[in-house]
Amino acid sequence: MSNNLKDHKQIGQELELFFTDEIAPGAPFWLPKGMIIFKELEKYIRELTENAGYLETSTPIMVKAELFKQSGHWEKFGEHNMYNLQLSDEADGNKSVSYTLKPMNCPESTILYRFRPRSYRELPLRLSEIGRLHRREKSGEVNGLLRVRQLTMDDAHIYATEDQIFDEVSNILDMMISFYKMFGFEYEFRLATRPETRAGSDENWDKAEKALSDALKKKGLTAGDKMGDGAFYGPKIDVHIKDSQGREWQLATVQLDFHQPEAFKLEYTDSDGKPKRPVMIHRAIFGSFERFIAILTEQYQGAFPTWLSPSQVTVIPITDKNNAYANKVADFLKKEGLRINVDFRGETMQSKIRDGQTQKVPYMLILGNREEEEKKVSVRTRSGKNLSGISQDEFLEKVKKDIDQKA
Ligand SMILES: [Zn+2]
């Protein structure tokens with residue numbers, strides 16, 4: 001981190017967004033203001049996936065470990081990277097049974113798929129899940145929100161026929177591009193191919209790698225190579241972004257998987273009435289909410305775009321006499337859905353403006369006698385621009401436009 005830039009842990013404390021505590025190493029506590037950012041991102045990703053035809057689901061956090069033995073994760077990640085508990089329950093005849101906190105959602109997604117027989121008419125079936133995962137990162141590697149042991153993933157699994165792979169992967173790539181452009185990140189695609197230790201036949205790996213590279217090619221995208229860096233069940237395209245300080249992060253991923261549909265014997269009835277095996281496509285856009293919020297916090301140095309700002313407008317009455325008018329303006333804007341706070345403290349106007357700037361509030365409304373008489377507002381942005389004597393409606397329109405553009 002260069003000298004005058006703060007890291008997300010410091011900004012998180014100063015702006016009261018989030019923190020970590022020794023009582024839960026590697027798992028963040030979200031303060032009310034940080035939770036606003038989290039929820040806005042959640043709302044955004046829900047809209048994005050709903051518009052793309054995904055159906056939202058939720059699966060249990062604690063499951064019997066046998067599921068991860070069947071999927072192959074146990075062998076790969078083993079006891080050292082998963083949180084395991086031995087429990088005895090009456091339902092299991094008081095035998096000791098191993099349970100685990102899920103480190104990923106995939107195997108449980110296959111249980112949703114198998115809930116009932118599936119027809120080719122339902123494919124592609126796009127099941128999304130904002131799932132809370134636990135991974136046993138080494139304590140030396142745990143770092144604020146960047147590397148955590150408890151993370152929230154914007155996950156999805158698509159069940160498709162082989163013919164549908166190209167369209168599905170293309171749509172996901174489009175989603176990723178528009179997403180990263182919106183946040184102004186430079187991005188780069190990387191194709192990660194078969195690792196040494198892997199599940200599934202070479203024939204399936206050939207097919208899967210070719211499908212991903214075809215999708216990239218046909219979209220005119222070039223991808224760097226991550227030879228041998230695929231998941232154990234299939235190849236993937238990872239998106240790497242560069243943050244404001246030139247650091248590189250891997251966030252989004254799309255993975256093709258012929259292995260788990262086989263391991264879990266997933267089927268659909270095809271148009272000829274015969275049972276066929278679907279392909280599974282895993283994808284995430286944020287990757288982890290925690291890491292993404294850490295990167296955004298450092299990228300913007302706490303000055304989040306208006307749609308994400310915990311407080312969007314601070315109303316500052318110049319003297320006590322203007323308090324009633326300040327309340328009236330604040331109520332009007334609150335009813336329109338903006339996040340407003342009114343600074344009634346007996347401080348000078350200058351010091352209230354300074355505090356608004358320290359808190360990185362995008363807009364401050366300065367309300368004195370003149371504004372009250374003319375029924376207008378004077379605006380000061382956090383970057384120091386002034387706009388005096390505009391109507392409440394004009395101001396509202398300006399902020400709403402800012403929020404809609406997510407700029
Ligand atoms: Zn998955």
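Hey, does the stretch 305-313 have a residue that's open to solvent by 10 Å² or more (accessible area, probe 1.4 Å), within 22 Å of the chain's Cα centre (by Cα) and within 16 Å of the ligand (Cβ to nearest atom)?
no
For the stretch 177-193, state whether one or more residues are within 16 Å of the ligand (Cβ to nearest atom) and charged (D, E, K, R).
Going through the stretch 177-193, the residues within 16 Å of the ligand (Cβ to nearest atom) turn out to be 192.
Within this subset, residues satisfying the condition of being charged (D, E, K, R) are none.
No, the stretch 177-193 has no match at all.
Would a scan of the stretch 226-237 turn up a residue that is within 21 Å of the chain's Cα centre (by Cα) and either modelled with pLDDT under 90 or on the phi > 0 side of the Ramachandran plot (or both)?
yes
Given the criteria open to solvent by 10 Å² or more (accessible area, probe 1.4 Å) and more than 11 Å from the ligand (Cβ to nearest atom), does E262 qualify?
yes
Residue by residue, here is whether (1) buried (at least 20 other Cβ atoms within 10 Å of the Cβ); (2) aromatic (F, W, Y); (3) closer than 18 Å to C106 by Cβ; (4) out of contact with any Pro (no Cβ under 6 Å at 6 or more places or on another chain) holds:
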| site | (1), (2), (3), (4) |
| --- | --- |
| D174 | no, no, no, yes |
| F183 | no, yes, no, yes |
| K217 | no, no, no, yes |
| D225 | no, no, no, yes |
| G230 | yes, no, yes, no |
| Y233 | yes, yes, yes, yes |
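When the stretch 104-129 is examined, which residues are found to be within 16 Å of the ligand (Cβ to nearest atom) and surrounded by fewer than 17 Cβ atoms within 10 Å (Cβ to Cβ)?
Listed by number, the residues that qualify are I111, R114.
I'd like the residue in the stretch 391-401 that is under 19 Å from N327 (Cβ atoms) and out of contact with any Pro (no Cβ under 9 Å at 6 or more places or on another chain) and, out of all such residues, is least open to solvent (accessible area, probe 1.4 Å).
Checked the stretch 391-401; the qualifying residue least open to solvent (accessible area, probe 1.4 Å) is F395.
May I ask you to verify whether T59 is touching a Leu at 6+ places or on another chain (Cβ under 8 Å), of a type in the set (S, T, N, Q) and either exposed (fewer than 12 other Cβ atoms within 10 Å of the Cβ) or farther than 20 Å from M280 by Cα (or both)?
No; evaluated as a whole, the condition is false for this residue.
Looking at the stretch 130-147 only, could you name the residues that are within 14 Å of the ligand (Cβ to nearest atom) and touching a His at 6+ places or on another chain (Cβ under 7 Å)?
None - no residue of the stretch 130-147 is within 14 Å of the ligand (Cβ to nearest atom) and touching a His at 6+ places or on another chain (Cβ under 7 Å), so the list stays empty.
If we scan the stretch 188-199, do we find a residue that is modelled with pLDDT under 95, surrounded by fewer than 20 Cβ atoms within 10 Å (Cβ to Cβ), under 18 Å from the mean Cα position of the chain (by Cα) and in a loop (DSSP other than H, G, I, E, B)?
So far as the stretch 188-199 goes, no, none of its residues is modelled with pLDDT under 95, surrounded by fewer than 20 Cβ atoms within 10 Å (Cβ to Cβ), under 18 Å from the mean Cα position of the chain (by Cα) and in a loop (DSSP other than H, G, I, E, B).
Only one of A211, A160 is of a type outside the set (S, T, Y), touching a Pro at 6+ places or on another chain (Cβ under 8 Å) and either open to solvent by less than 50 Å² (accessible area, probe 1.4 Å) or over 30 Å from L17 (Cβ atoms) (or both). Can you tell me which?
Result of the check over A211, A160: A160.
Select, from Q150, Q86, Q70, the only residue that is within 15 Å of the ligand (Cβ to nearest atom), of a type in the set (S, T, N, Q) and open to solvent by 10 Å² or more (accessible area, probe 1.4 Å).
Just one listed residue meets the conditions, Q70.
How do the pairs read when you match residues in the stretch 370-395 that are on the phi > 0 side of the Ramachandran plot with residues anywhere that are modelled with pLDDT of 95 or more and surrounded by 14 or more Cβ atoms within 10 Å (Cβ to Cβ), using Cβ under 6 Å and keeping only pairs 6 or more apart or on different chains?
Filtered contacts from the stretch 370-395: G389/K376.
Filter the stretch 270-291 down to residues that are away from the ligand (no atom under 12 Å from the Cβ) and of a type in the set (A, V, I, L, M, F, W, C), then give me how many there are.
Total meeting the criteria: 4.
The values are calculated or read from the model by the stated rules, or taken from the named source; none is laboratory data. What you see is a predicted model; the values in this text were computed from it and never measured. Virtual Cβ from ideal backbone geometry, glycine too; neighbours counted across all protein chains shown. Heavy atoms of the whole protein, side chains included, go into the accessibility calculation; ligands, DNA and RNA do not. Shrake-Rupley method; radii C 1.70, N 1.55, O 1.52, S 1.80 Å.
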